[in-house]
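A quick write-up on the structure given underneath.
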Amino acid sequence: MSQNLKGKTAFIVAFLVVFCYGIVGIPHGLGPAALKQALADRIKLGLDLKGGTHLVLQVHVQDAVVSATDRDVERLQDDLQKAAITGVTVGKLDPAHPETITVKGVPAAKVSDARTLMEGSDYVNYDLSSNPDGSMKLTMKPGVIRDIDTHTMTQTQEVINDRINTLGVAETTVQQYGLGDNEILVELPGISDPGQVEDAIESTSKLAVYAVVSGPYDDDQAAQTALNGVVPPDDMLVHGNATPTSVDQVFLLKRASEVEGTDFRDAQPSTDVNGRPNLTFTLTTAAGDRFFKYTSEHSKDSPDPGSMAIVLGGKVKEVASINSAIRDRGEIEGSFSKDEVDNLSLMLRTGALPASMDPVETLTVGPSLGAASIRQGVTAAIAGMLAVMAFMLFYYRAAGINADLALVLNLVILLGFMGFFGATLTLPGIAGVILTIGMGVDSNVLIFERIREELRAGKTAAAAVQQGFGHAWITIVDTHVTTIVAALILMFLGTGPVKGFAVTLTFGLLANLFTAVFVSRTIFDAILARKDRGAALSI
Amino acid sequence: MELFRDAKVDWLGKKWYFLGFSLIFSVAGVLSMLFWHHLPLSVDFKGGTEVRVPFDAPPNEDHIRAALAQAGIHDAQIQRISTVMGQMGNDEMISLPASSATDQNHDAGRLAVENALHENYHDSSFGQPSVQIVGPTAGRQLQKQAAWATFFSLMGMLAYLWFRFELIYGVAAVVAVFHDTLITVGAFSLTNQEISLTVIAAILTLIGYSMNDTIVVFDRIRENLALSRREGLADVVNRSINQTLTRTVISSGLTFLTVMSLFLFGGPVLRGFSFALVVGILIGTYSSIAVAAPMLVAYQDWRKSRGKVATLPAKRARV
């Protein structure tokens, strides 16, 4: 018996140490400041305690389908012309069904040619069918639409992630959210101005390339002087730094952009023939045609050489010269460093959001509110715990110490679980901890009352303890399982703060199962081992 | 010290008083939900904008209202927020209805309020506001989710109780829990407090807690039934309740104590949550004795009157 007891005690102590590690890791010192720091490092605080912004964005994935079919409409028009099939109108007639392209007016003689074209490899994403009125219809395959949707969501998530990183916040979250379809969740601890966040995200879509008319000027004053005070109506003055290291400069750019952000299909850093860093990019077909016209008119060797400015979010980011006419594949050269080229290609790649987004849910917690919540939650927890511990000592005498020890151990295990699993502590989570205190004592009360009953019935202390635990165990299991069922459902269906509550409640109940039965029993056994056979139990 | 050493109360005899008490509160709640305050939902569920502004000096609500009206905002609700123990802090909660946060212009309400205060309110400056904006689609989705969560919880527990006891125990417990939820939600309606997502979490917890309590009584009934096959069910039930009375009072009392501490010290964000638990724990304890137990006996009496089996055997407990 005593051997068993030593083993059990050792096990409990080891358990305690392991969970203490879960709470504070290995602290740098043992003073209160060091411990507090260790605690703060291990236990993750939710936004409602730390302060920050929680934003849910609805991505309109149909936009990507619309763009894809738009491009294919243009391509089909080109292809039909090349195949000398004229007089045809190609278009999307139904805005509610962007995945359908209707082809009308194909002359009877050319129908089979058109059919061959539209069943060919260029249009493998579509199913060809006929309308009752004789026109032909290309419908995008559902599998392809699903792929576009998934790809759009992934790409949007990446773009948002990149842009959020420019805010320089640690521990951000950007993930696909669960509550509805095609939603992305953005969480930024420490930033409580949702406007700032939305600006950062939306600035990505305003990327364009403009023709440079003149510049750079040192400032607005200099620009005005050079232009004799008149800015031509077709042009605009834009600020920016042509290189990341230069100061603010002013450029005169053509108002109409040459290339929009959405026209870029890809942009990759590379090196030119001399080994200097440059950038290769790919445009869409339609944009390529427009760009060809512009670049052939203004390339280095033409009578009217020019350069182009890449403008992001209303500011000039880069200026590059045009070496030769470019259609849809080209290179941008300038005196770039490797870093600048990497950044620029990233900007161009991610500069276009494939679909538009709307926020559907915003929650910000200012830092003062977060700190106040922590204070209030912890005060309530301590007050509750002291009240319970005092009562147990008063009502159950020495056995009350048993219960109080189990309660403290409960909290250690609960917080340790949180530390190990990296679970987030939210304000309802603190409430969950407080609830665990109350419900944890329930198990102890069940056991103690049973022991008292057995003692009253005349059993010896040892037998009473054994009977008490034996009978109460069944009830404890039943009660804990039902509450855990509710908590698990909350965990799966809940989000954010509610999930935090469910997590702490579940961990607390599991910890309780361990302490109320195993630890409590061991302590009782230890007490009994010291007493004489017939001595009374203080309970 | 012993609370109820040898309680010998005839609980089942008092069932008509219990029924009356329950009926009064349930009906009052339902009437309030239908005709008076209806179901006060918070911004998570009904959509809208809530801006919590921490003013540096005690704010003047009339001036705030005037400042907002000047900017064209007329449908705002302005409420002072109390902090610990009912003390009034300097924070004001400005709520705009669901129309302020459409799917197209999510931020409109918040920007309008912040600009209005910056421009028109001159009594004092204020710190960074905390904001909650829920668009209409998000609100609807959340309502659906909360309803499913509650439904699945109840079904899960019913299944578990059916497995551990018998179906009638499960049904009696679910009826008791339903009674508790109805009265708690009714209390929210009667006191015009908002039901938010955290309140739903509290309600699910009190469902678990009420089940907890009911199971303790049922466990004792099952044990006593196994021991004495000749006693009538009513007597066994009464005895079981009396035997567990001390545990019930102490346990509920202590949990109530911790929840009260949350209600008093936990701050305004958790107020709805703790209110639900304060009411819920009291009613949950009451329902195990006043609703679940009498239902068992009533069911058996009904079966007897139909000429079926007399006693209510319970599965032998196995763990």
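Values quoted throughout were computed directly from the atomic coordinates according to the rules given, and no laboratory measurement underlies them. On a predicted model such as this, the values are computed, not experimentally measured, just so you know. Here the Cβ positions follow ideal geometry from the backbone for every residue, glycine too, while neighbour counts run over all protein chains shown.
So the values come out like this:
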{"quantity": "Trypsin sites (Lys or Arg not before Pro) lying in DSSP loop within segment B:203-250, provided at most 15 other Cβ fall within 10 Å", "calculated": "B:R229, B:R230"}
{"quantity": "P(r) tail fraction, segment B:48-134 - alpha-carbon pairs more than 23 Å apart, %", "calculated": "17"}
{"quantity": "Candidate lysines for bridging to A:K293, where Cα separation is under 27 Å - those fewer than 8 sequence places away on the same chain excluded", "calculated": "A:K82, A:K206, A:K254, A:K315, A:K317"}
{"quantity": "Selection from B:A108, A:A320, A:G438, by position along the positive dipole direction of the protein assembly as shown (Cβ)", "calculated": "A:G438"}
{"quantity": "Integer Hz, Karplus 6.51/-1.76/1.60 couplings in order for segment B:275-284, x for Gly and Pro", "calculated": "4, 4, 6, 4, 5, x, 5, 4, 5, x"}
{"quantity": "Of B:Y17, B:Y169, B:Y209, the one that fluctuates the most in a GNM where chain B has Cα springs shorter than 10 Å", "calculated": "B:Y17"}
{"quantity": "Cβ-based exposure ranking for A:T154, A:T379, in which fewest neighbours within 10 Å come first", "calculated": "A:T154, A:T379"}
{"quantity": "Ranked list, fewest to most other Cβ atoms within 10 Å of each Cβ, for B:V278, A:V197", "calculated": "B:V278, A:V197"}
{"quantity": "Amide H contacts of A:L283 (H built 1.01 Å from N, under 5 Å, at least 5 apart or other chain)", "calculated": "A:R265, A:R329"}
{"quantity": "Chain lengthening between A:F292 and A:T86 when straightened (0.36 nm per residue, less Cα-Cα)", "calculated": "71.6 nm"}
{"quantity": "CD proxy at 222 nm, helix term only [per DSSP H run n ≥ 4: -39500 (n - 2.57); per residue of chain A; nearest 500]", "calculated": "-17500 deg cm²/dmol"}
{"quantity": "3J(HN,Hα) from dihedral phi, segment A:16-21, Karplus parametrisation 6.51/-1.76/1.60, rounded to Hz, x for glycine, proline", "calculated": "4, 4, 4, 6, 4, 4"}
{"quantity": "Ellipsoid equivalent to the protein assembly as shown - semi-axes via the Cα gyration tensor, in Å", "calculated": "66, 32, 28"}
{"quantity": "Theoretical ellipticity at 222 nm over chain B - DSSP helices of four or more residues, -39500 (n - 2.57) apiece, nearest 500", "calculated": "-21000 deg cm²/dmol"}
{"quantity": "Sum of side-chain charges, B:I195 neighbourhood, beta-carbon under 14 Å (Lys, Arg +1; Asp, Glu -1)", "calculated": "0"}
{"quantity": "Zero-based 20 Å bins, Cα pair distances in chain B, whole percents", "calculated": "27, 46, 21, 6, 0"}
{"quantity": "Antiparallel bridges, percent of DSSP beta bridges restricted to chain B (to nearest 5)", "calculated": "95"}
{"quantity": "Fraction of antiparallel bridges per DSSP, the protein assembly as shown only, in percent to nearest 5", "calculated": "95"}
{"quantity": "Cβ-based net charge around A:D149, under 12 Å, with every Lys or Arg adding one and every Asp or Glu removing one", "calculated": "-3"}
{"quantity": "Neighbouring partner chain Cβ atoms per residue of B:147-154, average, 10 Å criterion", "calculated": "4"}
{"quantity": "Cβ-derived FRET efficiency at R0 56 Å, B:L111 paired with A:E119, nearest 0.05", "calculated": "0.60"}
{"quantity": "Neighbour-count ranking [beta-carbon atoms within 10 angstrom, fewest first] of B:D91, A:D234", "calculated": "A:D234, B:D91"}
{"quantity": "Amide proton proximity set for A:L425, modelled H, under 5 Å, gap of 5+", "calculated": "A:K44, A:L45, A:G46"}
{"quantity": "Cut-off 14 Å between beta-carbons: net charge of the residues surrounding B:D235, Lys and Arg +1, Asp and Glu -1", "calculated": "+2"}
{"quantity": "In sequence order, calculated HN-Hα J values of segment B:213-226 (Karplus, 6.51, -1.76, 1.60; Hz; x Gly/Pro)", "calculated": "5, 4, 5, 4, 5, 4, 4, 5, 4, 4, 5, 5, 4, 5"}
